[in-house]
Structures are given as C-alpha cells and as structure tokens.
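As structure tokens, the structure follows; a few thoughts come after it.
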Amino acid sequence: MSLAEALKQRIAAEGPISLHDYMAASNAEYYATRDPLGEAGDFTTAPEISQMFGELVGAALADVFARAGRPEDVAYVELGPGRGTLASDVLRLMRGIGFAGEVHFVETSPVLRDAQRERHPDATWHKTTDSLPKVPLLIVANEFFDALPVRQWVGDAERKVTHEGIGFRFSPGGKVTREASPATEAIAGRLGGHLATHGGVMLVIDYGYGGGEQGDTLQAVRRHEKVGPLAYPGTSDLTAHVDFAALASAATRGGAKATRLITQGTWLETLGLGPRAVALAGRNPDRAEEIASQRKRLASEEEMGTLFKVMAVHHPDWPAPAGLGV
Ligand code: SAH
C-alpha cells in the first residue's frame, strides 16, 4: 500500500492527523526509500556542490580539536550524513592534523546508511542521539534539522491534515501564525547537555532564521522543483526552516554555550573560501570556471550564502569554532 493510501485510511479511521505526524510519516518513507541527493535526485546540498565546503568545516573542527588540547577520546559525529561526502572531506582535513578518533553517524535511512558504509566502513551507526558514546564530541549537522517534523498553528488551533475527494488538504484553512519543531528542540537539548557534561562542539548549518515568528516555512521539493507539501506524501522532501533561537535556547539549557548566528556565505568567506578556490583552481586549471561557480553557489547572496546560516554550541571551556566566536 502506498503511503498516500495508508494516510488516507488512517484519516478515515481516526480523523485528521497533525501536520507533525504527516511530515514525520512522509519524511520517514521518503528517506527510507531513496538517495535523494544530487542532480538525478530531488535536491543538492552544499557538500555535494563542492569539496571546499567540507574542507572548510573540517578546518574549523581541526582547529577546535587542536585548541582544545587534542583530547584522545574525542569522536566525530554527524547527524544525517547523506552520502557521507561531507564526512569524507571533513575527516581528510582532520586526519591530516592528527585526529584519530572514532566516527559515529546518526542516520535512520537504510539506503543512505549503505552509501555511508561504502565510504566509511569503520563508522558506527545510531538511530538516535541517545546511544552516542559518553565522550567529547565534534558534531556536525548540515541540512539535518530542517528535515525534522514541525507543528503549526492557525490561531489557537493546531494545523491538521485531512483527506477529501482526491487529495489531502489542511484543516483548518487560514494563515499559519506559529510553527515549532519539538524534535529539533529535544535533540538540541540532549546534545547540548552532552556537550556541557562531556565536552565538545556542535556545528549546525541549515536554512533558517534567528528569531521571531516566521509563520509557515514548510516546503516540499521534488526533482529540484517546489511542489505542494501535501501533493506527494513520501515522494517529496518536506522541510521547514530552522528556528535557531529555539535551537540555541534548548541546547544551552544544560550549561552549554551557543555562538552567534551568521550566514553561510560570511562564514565560508571568513574561513578562506576565496583562497581555497584559487588554490584548487591552480591545481586543476581545466576546472577553474566550475570551481568559481561552486564558490558562488555556496556563498553568494542570491544562492545559498544568505539563506543558510551557521551556529555552534560548545562546552563553556571549549573554544567556539573560527568565525563564530565573539
Ligand atoms: N547532511 C547531508 C544530507 C542532508 S539530507 C548533506 O548535507 O548532504 C538529511 C539527512 O538526514 C539524510 O541523511 C536523512 O536520511 C537524515 N535524516 C532525516 N531524518 C532523520 C531522523 N529523524 N533521524 C536521523 N536521520 C535523519
């Protein structure tokens, strides 16, 4: 039975379901059944655009690791590692400066776990963050939190999904006045507590906003096009913008610190995206144009540079990653 049919039957039996449950069911099915990344898929992420992205993330973490005194038991953790591309680029940098720690991936999709295993056969996989080792962690989450389900309200009423005629629709209709991601807050709270207790840093990169109510940020993407969020349950990627203020507030409850929030473009350029692009093009002259255009995609205002934001959470005695400290 298709997910659409299963949801239709559930709604017929139980009445309208919350948008949260609809989004959770849709994304669980979506990620479990495909590799959605890249030209042939539904969307392209920063690490799939260029190795420069992961290299700069790796340089930032390698620097944190060095400045923290190179603790031996520190582990690298990635939340939702996709194809494992980011981890390859990050770890190449970190191994280069002597990081020899374990690699842990939090991933629910069996298809993507298989892709990750090909590149990182020695990693350890987790379904949730609960089973991560109780050691200092260097955590990266790129386009992870946006995939977690949100709740929405129209005034005081929670926005639900019902089925009528041939399709799904929202109930009640009307303008969304509030949106929240309980899973984002729960995971950020747990990891912030972990960092405050055991040490380490978490780098969060995602599209989102710094604070204040945004209303409805839910969107669905299929084959690189925006589609209606209720049009393709289980076969389109549903995301919502990350509320970084809510994430920071949950993550710091247990004593961890949050850095300021800056745009991806500013962060990457501060870390040396420009010189990195020039160096890479110098060694690959036939790819110079492509490398310049990758830099633009990652950092320019019209592309990912401004929409995507970067923030870190860290143990109070651990340094903030470069470019994010005060
Ligand atoms: N970070 C990667 C992939 C981003 S796509 C990149 O930048 O290319 C989102 C990733 O999060 C996928 O790997 C997906 O399978 C995973 N994911 C989505 N929901 C999840 C959940 N609830 N728990 C763990 N992983 C999840």
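The values are calculated or read from the model by the stated rules, or taken from the named source; none is laboratory data. Values in this document were obtained by computation on a predicted structure and should not be read as measured data. Note that we place each Cβ from the backbone using ideal geometry, even for glycine, and neighbour counts take in every protein chain shown. Remember, those area values only see protein heavy atoms, side chains included, never the ligands or the DNA or RNA. Shrake-Rupley method; radii C 1.70, N 1.55, O 1.52, S 1.80 Å.
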One residue from Gly255, Gly215, Gly208 being in contact (Cβ under 8 Å) with a residue 40 or more places away in the chain, within 30 Å of Phe168 (Cβ to Cβ) and touching a helix residue (DSSP H, G or I) at 6+ places or on another chain (Cβ under 8 Å): Gly208
Which members of the range 10-36 meet the condition of being more than 14 Å from Leu218 (Cα to Cα) and touching a strand residue (DSSP E or B) at 6+ places or on another chain (Cβ under 9 Å)? Arg10, Ile11, Ala12, Gly15, Pro16, Ile17, Ala25, Tyr30, Tyr31, Pro36
Among Glu29, Glu78, the single one that is touching a residue at least 12 places away in the same chain (Cβ under 8 Å), of a type in the set (D, E, K, R) and open to solvent by less than 10 Å² (accessible area, probe 1.4 Å) is Glu78
Within the range 154-178, considering residues that are open to solvent by 50 Å² or more (accessible area, probe 1.4 Å) and touching a residue at least 60 places away in the same chain (Cβ under 8 Å), the one nearest to Lys8 (Cα to Cα): Arg169
I'd like the full set of residues that are surrounded by fewer than 18 Cβ atoms within 10 Å (Cβ to Cβ) and within 13 Å of Ala250 (Cβ to Cβ), limited to the range 199-213. none
Of residues in the range 8-26 being part of a helix (DSSP H, G or I) and hydrophobic (A, V, I, L, M, F, W, C), the one surrounded by the fewest Cβ atoms within 10 Å (Cβ to Cβ): Ala13
Suppose we keep only residues that are in a helix (DSSP H, G or I) and of a type in the set (Ser, Thr, Tyr) within the range 27-73. Which one would you say is farthest from the ligand (Cβ to nearest atom)? Tyr30
Residue within the range 183-198 that is part of a loop (DSSP other than H, G, I, E, B) and either in contact (Cβ under 8 Å) with a residue 40 or more places away in the chain or surrounded by fewer than 23 Cβ atoms within 10 Å (Cβ to Cβ) (or both) present: no
The range 214-263, residues that are within 16 Å of the ligand (Cβ to nearest atom), in contact with a Lys or Arg (Cβ under 9 Å, 6 or more places away or on another chain) and open to solvent by 20 Å² or more (accessible area, probe 1.4 Å): Gln219, Thr235
Tally of residues being touching a residue at least 40 places away in the same chain (Cβ under 8 Å) and either assigned to a loop (DSSP other than H, G, I, E, B) or open to solvent by 60 Å² or more (accessible area, probe 1.4 Å) (or both) across the range 267-300: 5
Step by step: first the residues of the range 218-229, then only those that are touching a residue at least 12 places away in the same chain (Cβ under 8 Å) and charged (D, E, K, R), then the one that is farthest from Arg159 (Cα to Cα). Which residue is that? Arg223
Within the range 90-130, of all residues that are open to solvent by less than 10 Å² (accessible area, probe 1.4 Å) and assigned to a helix (DSSP H, G or I), the one farthest from the ligand (Cβ to nearest atom) is Met94
Test Ile97 against the stated conditions and say whether it is out of contact with any strand residue (DSSP E or B) (no Cβ under 7 Å at 6 or more places or on another chain) and of a type in the set (A, V, I, L, M, F, W, C). yes
Testing Ala246 on (1) out of contact with any strand residue (DSSP E or B) (no Cβ under 8 Å at 6 or more places or on another chain); (2) part of a helix (DSSP H, G or I), one condition comes back false. Which one is that? (1)
